[in-house]
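Only one structure is covered here, and it is reproduced in the block below.
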Amino acid sequence: MISALVLKNVHVSYNGKAAIQGIDLTVEPGNILGIIGPNGAGKSTLLKAVLNLVAIDKGNIELFGKTLEENRKRIAYVPQRSQFDWDFPIHVLDTVLMGTYPKVGVFKRPKKKEKELAYECLEKVGMEHFCNRQIGELSGGQQQRVFLARALAQNADLFFLDEPFVGIDMVSEETIISLLKDLRDQGKTVVVVHHDLSKANEYFDELLLLNKKMIHAGKPGEVLRPEIMLKAYERELSFLHEVGVN
Ligand code: ADP
Ligand code: MG
């Protein structure tokens, strides 16, 4: 079986300052991987490296045994919500239709079939009644569901989501995690950057704990142990101690 994602000794820096160092990771198809770690640990950078949105200094990345370019259509990415320009005037249905572009080609207009697919994907996330709304008018959770619908419309095999649960309501969170689990059960692979540790055990099949370097990777039960977590969150804990919280 070909692994969905393999990273070997991946290094990324910004202006000479290391953001991630020596990351080795293998994700097999049919898994949900959670990438956890403190603020600034390099979680988003890791996704961006895989998606070729930042250059790697060193190392090797393969998706389904190939480069990203050979696989573009099989890969869906839902960026952090804070990175999107919410004033950009675009309707919900058009946002989702963008997910069908890899199939229709950028220069062809989407036809009835693509519109039906986009509508079906909006139904899956419970947002079909918002088709004609501007994306900027929606709540955080609704926006996140629309972006997931766009990823679904792409019919990808490997999904990357950066902090999908930040600032969203519980119904949206439950809708999204249940859809991600459906994708996993269909044999698709899902990689989620996440920083709230409370649900990590429930949501993910595998965890990667990151703090610039890879601290630990494995089953949640193995990673979410105090002696392992301390290695990544040491600075936070001593800070809490200093300010007298602990
Ligand atoms: P996380 O997603 O875990 O919070 P990031 O990957 O966003 O962490 O950032 C890792 C480190 O790289 C942080 O120190 C951050 O300030 C820095 N960084 C991220 N993006 C840039 C950038 N575009 N230019 C310079 N530094 C960056
Ligand atoms: Mg981030």
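Observations, loosely collected:
- Degrees separating the helix 112-124 axis from the principal Cα axis of the chain, which is the longest one: 50 degrees
- Summarising the overall dimensions of segment 191-230 from its C-alpha atoms, the Rg and Dmax are 9.3, 25 angstrom.
- Spatially proximal aspartates and glutamates relative to Lys48 (Cα-Cα < 19 Å; intrachain offsets below 8 disregarded): Asp24, Asp57, Glu62, Glu69, Glu70, Asp85, Asp157, Asp162, Glu163
- Rounded percent of accessible protein surface that carbon and sulfur make up, the chain, 1.4 Å probe: 51 percent
- Applied to segment 166-181, the Karplus parametrisation 6.51 cos²θ - 1.76 cosθ + 1.60 on θ = phi - 60° returns per-residue 3J(HN,Hα) values of 6, x, 10, 7, 5, 4, 5, 4, 5, 4, 5, 5, 5, 5, 5, 5 Hz, with x for Gly and Pro.
- Across the chain, Cα-Cα distances exceeding 24 Å account for 48% of all pairs.
- Hz values of 3J(HN,Hα) by residue in segment 24-39 - Karplus curve (6.51, -1.76, 1.60), Gly and Pro given as x: 10, 7, 10, 10, 8, x, x, 10, 10, 9, x, 9, 10, x, x, 3
- Net charge, Met127 excluded, C-beta distance under 10 Å - Lys, Arg +1, Asp, Glu -1: +1
- Listed by chain and number, the lysines placed with their C-alpha closer than 18 angstrom to that of Lys115 are Lys103, Lys124; residues fewer than eight positions away on the same chain are left out.
- Under the criterion of Cα pairs below 8 Å and six or more residues apart, the relative contact order for the chain equals 27 percent.
- Under 5 Å from the amide H of Leu5 lie the amide H atoms of Val27, Phe64, each residue being 5 or more positions distant or on a separate chain, with H modelled from the backbone and absent for Pro and chain starts.
- 14 Å beta-carbon shell around Lys181, net charge (K/R +1, D/E -1): -3
- Surface analysis of segment 1-146 yields an accessible area of 53 Å² per residue, using protein heavy atoms and a 1.4 Å probe.
- Order of exposure, largest accessible area first, which applies to Arg145, Arg74, Arg81 with probe 1.4 Å: Arg74, Arg81, Arg145
- Size of segment 124-186 from its Cα atoms: along the principal axes, largest to smallest, the extents are 32, 22, 18 Å.
- Counting DSSP beta bridges with both ends in segment 5-242, the antiparallel % (nearest 5): 50 percent
The values are calculated or read from the model by the stated rules, or taken from the named source; none is laboratory data. As the structure is a prediction and not an experimental result, all values here were calculated from the model. All Cβ positions, even for glycine, are placed from backbone atoms using ideal geometry, and neighbour counts span all protein chains on display. Side chains are part of the model used for accessible areas, which takes the heavy atoms of the whole protein and leaves out ligands, DNA and RNA. Shrake-Rupley method; radii C 1.70, N 1.55, O 1.52, S 1.80 Å.
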